[in-house]
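Below you'll find the structure, written out as structure tokens, and then a few comments.
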Amino acid sequence: MHHICQRLGCSPTQTLILICSIAAFFAGIGVIGEVFLIPEFLMFYGFVILFTAYLLVLINYCTVMNFFRRKLDLPEKKYSTLSK
């Protein structure tokens, strides 16, 4: 994930802040789930759904990066793949 942020032009500090903020957000969701006694199976399935979305973003990172580059008015790049 940090490679994606840095390829979008984020500095190392911005990348660190973004990743730590996302981690704190998800930790907060876990704490709120415990406080409000949300059933563990719901928390688990929520985690599985979020992890699947994260995995899909990583699998399609070239498309995702070009989407954000368009939104940030940055030039699009062609990324090489390992397949020939």
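None of the figures in this text is laboratory data; all of them are computed from the coordinates on show. This structure is a prediction, so every number in the text was calculated from the model and none was measured. Please note: Cβ atoms are built from the backbone with ideal geometry, for glycine as well, and neighbour counts cover all protein chains shown.
When the square roots of the Cα gyration tensor eigenvalues are ordered a ≥ b ≥ c, the ratio a/c for region 2-71 is 1.5 or more and a/b does not exceed b/c, which makes its shape oblate. Ellipticity at 222 nm from helices only: DSSP H runs of n ≥ 4 in the chain, each -39500 (n - 2.57), divided by the residue count, give -24000 deg cm²/dmol.
Computed from Cα atoms, the angle from the helix 61-71 axis to the main principal axis of the chain rounds to 80 degrees.
For the pair Phe67 and Ile49 in one chain, pulling the backbone fully straight at 0.36 nm per residue adds 4.3 nm over the alpha carbon distance.
Neighbour counts of other Cβ atoms within 10 Å put Tyr54, Tyr61 in the fewest-to-most order Tyr54, Tyr61.
In the chain, a dipole from Cβ-located charges (positive for Lys and Arg, negative for Asp and Glu) runs towards its positive end, and of Ile38, Gln6, Ala27 it is Gln6 whose Cα lies farthest in that direction. Against the chain, whose longest principal axis comes from its Cα atoms, helix 40-59 is set at around 0 degrees.
The loop-placed GluC sites (Glu not before Pro) in the chain, going by DSSP, that have at most 16 neighbouring Cβ atoms within 10 Å of their Cβ come out as Glu76. Please label the shape of region 11-52 as rounded, prolate or oblate, based on the square roots a ≥ b ≥ c of the eigenvalues of the alpha-carbon gyration tensor (a/c under 1.5 means rounded; beyond that, a/b larger than b/c means prolate, else oblate). In terms of gyration-tensor shape, oblate.
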